[in-house]
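The values are calculated or read from the model by the stated rules, or taken from the named source; none is laboratory data. A quick note: this is a predicted structure, and the numbers were derived from the prediction, not measured. Every residue, glycine among them, receives a Cβ derived from its backbone with ideal geometry; neighbour counts consider all protein chains shown.
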Amino acid sequence: MTSGEIEDGSAHEDDSDRSFSSSDENATGEEERNDAMSLSDDEVVPDCIEYKRMLNWPEGISAPSDIVAQFNEIAASMPPYSHPTQVMLFSIPDFVEKTSRTRLANHYGEAFCRRMLKFIKLLLEHDRASATLGAHGTLHSMLSPQLMYSMEGFSNAYVYRAPVNLEYVSDSQEWSLVERSATRGRSQDLMDGLISILRSEMVAAKRILRSNFGPEANLLRDSELQKPSFSHPMIGARIDDVTNIIWDFEDNPTDFSDVGILHSVFSFIGSIKLPRGWVDDFVAAGGDLSDSLNGQDGTWNTVALGNVAETFGIDEIDIEPRTGDPAKDAYISTIFRVKRLEHLAVVDKVAVEAWITSALQAVHNIFDDLPSVVRNQLDLMVPKLLAAALALCQINSYQPARVMIEPVVLVFRDKLQGAQSSETDRLNLINALGALTIIFREANNSNDTLEEFQPASLAAEEAIELLQPLYEQDKAKHRQCLAALKVEYGLCVLAPEKRKVSALGDGKRAVKEAVELCRDIFTNNPTSWEAKLLLARALHVQVMLEPHHSDDFDRRKIAKEALDHFRDAIKMRPGPFDFRLADAIHSFAGLHIIESRSTLSEAEKIYEAASVASPGHFKEKLSEVRLWLAQFHLLRCNYEEAEGWMTKLVNGANTSDGRRYREERVFLQIISEKYKDALNSARLSEEVARVNKRANAKLLSERGYCSWMLGDQKAALCDLQKSIKMTETIRKHAYRGFDHRSFWKRHPVRGELFYDEYNNAMAWLGALQSAMGDQEAALRNGAEAVRLMRLSKACCQTEADILSGDLKLARVLVYWSATLLNAGRGQEASRSIDESIELMRSRARSDSAFKTALLMKERMLAEDGKTSEAANLELRRMRFRTKAF
């Protein structure tokens, strides 16, 4: 094909003034646009994530004027939501620049870009005509990724080269003329083929849009000319891409699925009503469901997917083959496995392994069968794709599960478009969107790339909007579904770094309404464990969405109520839902809302029991809960308990975490006055902590303190000075890396700029120098340690941080008081030691610093002649078992 033929073909195809009509059926080479499908100026764009937009063709890249004009027109009207279409559109300038380097690629590249721009414009016009801008499960959302692959394929085609062994005749000889011609011909054929494929795909999309959304849609409905959306070849190709992947799940056969997520997904998928005969069609070969899939309302011809157990009479989780077909048995067992999940004993290792093995086998069988279903049995597509999505969710594969569920949403969109008054079709679309919301959100959570992120909340927003009219007609019937959708929407906006901050306000309002709905449901069904579980989930999400400080919202009270409802639901329905309770405790503890030892221990027992049956899956959360328990005891000076929890962490952690926990245990051994153990631990940990300067500095200071306590003052002085010098270097570089505002926003207690171990090292060094006779340096370092620790304490916000700050300042004040006494400044020392005792007075102490403070105060009183007061203080001091330094 010559360049002239390319341009002539494009000109013939670019008849932009034509509209959809029945006469265009034979005009497969023409491209039209549907101007009726446009967005009004006052259309409200949903609140979604920010995305870097390109409003004009970039300067410095030359391109034909028609391409530039069309690009600018589309870019200016591009809605501000993250979508693969934006990535595709904004990559066109780079594509043009890349293909313009050779004459052949330039001609074909421009023709490809013209078609691609028209395709994008067509999809955007259709998207603007939909109820929710940027909605998922539309022809637009499903074709965009495939178009991106087409563009990447074209880019690879034009740089096609001969195989390596033919690239050079010899080391010094260029390609031969024959080889150049062959390579050029292959590249030309590839690019020509890709352009033809893109044209045919655009024509197929136009036929679908015309038959479903065009002015003649009502005339074409139920006729052979009507093209369902899922009939587009690119959708089948997308499903094939997933089914053709070699699934290697044996690498992690014990990866148990998230029970809460799976239960929530099934609550929506199980409510989808399908023709009652679809189960028989599963068992029998073939079958045509078109008569039942006609949008008729009522329940006589439909059955909810979650109720098919009644048809089969199957009560077991793992069923024996009943049809003789492994694929059909896999579809059935997948549904029952999730439905019976509430009865699974997740602490039973044998039961969990059997459950996982069955799930993996079902996935293999389903994906062996699914390609033939998509190509040959489109009427069976919906139930089998739903089962495939459930099967993938059972093994935590949410990205391919999204590919399975989106065509189902597309099918229900078409059905509702043809029968707007059908309540069954509307509810099917609502439930499919609810399942898509959860699957999409979990797929996003497993994707750390911001550019590829798309807001899952759009599906929830659309589902809520579709359900609202039905809810107004019958509130009792649809209250639970609406509450569940609002809870899922609230969960979608819990990632503020990927969403506009204003979306959090929408999420809080939605979840607040969900809580009110759940309270109504619970009032009407006080004995229902499902009502309790839903209310607990709503309260859990509400606590997570509310700000840390609010005058009209008591987070602790609501969190306690949520945990109580979780406990009640577990008592009524023992099984895997105790993970919901453990996860709620875990999230509340992470926000310092719940800091009760008994509550944390409750979560620790759940995770520990589950980790036996499913090793590795709950390891991270179990470690975090144990760390919080260690910190709980540390803040209350129960060092033996704290060291016990830290030892559990060390024994159960991987290599990197174990090293970190061992480093933390050194300080626990110091304040427990196990100086020899601490010194040995510090020496061992120092060798593996050299790559981490901060950890190394901390261990040096602790090793120096232990050496001091064991009588080696010179070694102690050397280690403490090295530690301080190393930390000052780290602080200097850290300060340069942040602006002034970021500097103060960083939390000093656990932050990166003010290190509390540095403050401790300064206090230890000051007291040691005082004992060695260097009073000037001792006063300077001691005063700096007190100043920094006061600043650290002043920046504490949560109750746990304030408690920790009090303890740290009290210890530093003890060392400072000793330095002041040695310098002859008794009055200042007395005030300092009084402040230290006051900071620690409100709690039972076994801290050596507290006993030291009492001893110093006792001697001060005795020197002042206050013998009776000194005697009383001595009695208090003798109650403690620890020794003073």
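Among the residues of region 781-792, is any assigned to a helix (DSSP H, G or I), buried (at least 23 other Cβ atoms within 10 Å of the Cβ) and modelled with pLDDT under 85? The answer is yes; a qualifying residue exists. For Leu820, the stated conditions hold: it is in contact with an Asp or Glu (Cβ under 7 Å, 6 or more places away or on another chain) and buried (at least 17 other Cβ atoms within 10 Å of the Cβ).
Here the helices (runs of 4 or more DSSP H) wholly within region 664-748 that include at least 3 residues being at pLDDT 65 or above and not basic (Lys, Arg) are 675-688, 693-709, 713-736.
For region 234-252, indicate whether the set of residues that are farther than 30 Å from Leu491 by Cβ, out of contact with any Pro (no Cβ under 7 Å at 6 or more places or on another chain) and at pLDDT 75 or above is non-empty. Within region 234-252 (the criterion being farther than 30 Å from Leu491 by Cβ, out of contact with any Pro (no Cβ under 7 Å at 6 or more places or on another chain) and at pLDDT 75 or above), the answer is yes, since at least one residue qualifies.
Applying the selection to region 762-793, what residues are under 20 Å from Ser804 (Cβ atoms) and of a type outside the set (Phe, Trp, Tyr)?
Met762, Ala763, Ala785, Val786, Arg787, Leu788, Met789, Arg790, Leu791, Ser792, Lys793
Can you find a residue that is surrounded by fewer than 17 Cβ atoms within 10 Å (Cβ to Cβ), in a loop (DSSP other than H, G, I, E, B) and either at pLDDT 80 or above or not assigned by TED's automatic domain parsing to the domain that holds Ala432 (or both) anywhere in region 135-144? No, the conditions are met nowhere in region 135-144.
Of the candidates Lys98, Lys52, the single residue that is out of contact with any Cys (no Cβ under 6 Å at 6 or more places or on another chain), at negative phi, basic (Lys, Arg) and at pLDDT below 70 is Lys52.
Out of all the residues in region 836-844, is one or more assigned to a helix (DSSP H, G or I), modelled with pLDDT of 75 or more and more than 49 Å from the chain's Cα centre (by Cα)?
No, that holds for no residue.
Annotation: Lys532 fulfils all but one of (1) without any contact (Cβ under 8 Å) to a residue 24 or more places away in the chain; (2) in a helix (DSSP H, G or I); (3) under 26 Å from Ala476 (Cβ atoms); the unmet one is (1). If you go through region 608-622 and keep only what is at pLDDT 85 or above and surrounded by fewer than 21 Cβ atoms within 10 Å (Cβ to Cβ), you end up with just Glu608. Checking region 592-605 against the condition returns a match, with at least one residue being under 24 Å from Val350 (Cα atoms) and of a type outside the set (D, E, K, R).
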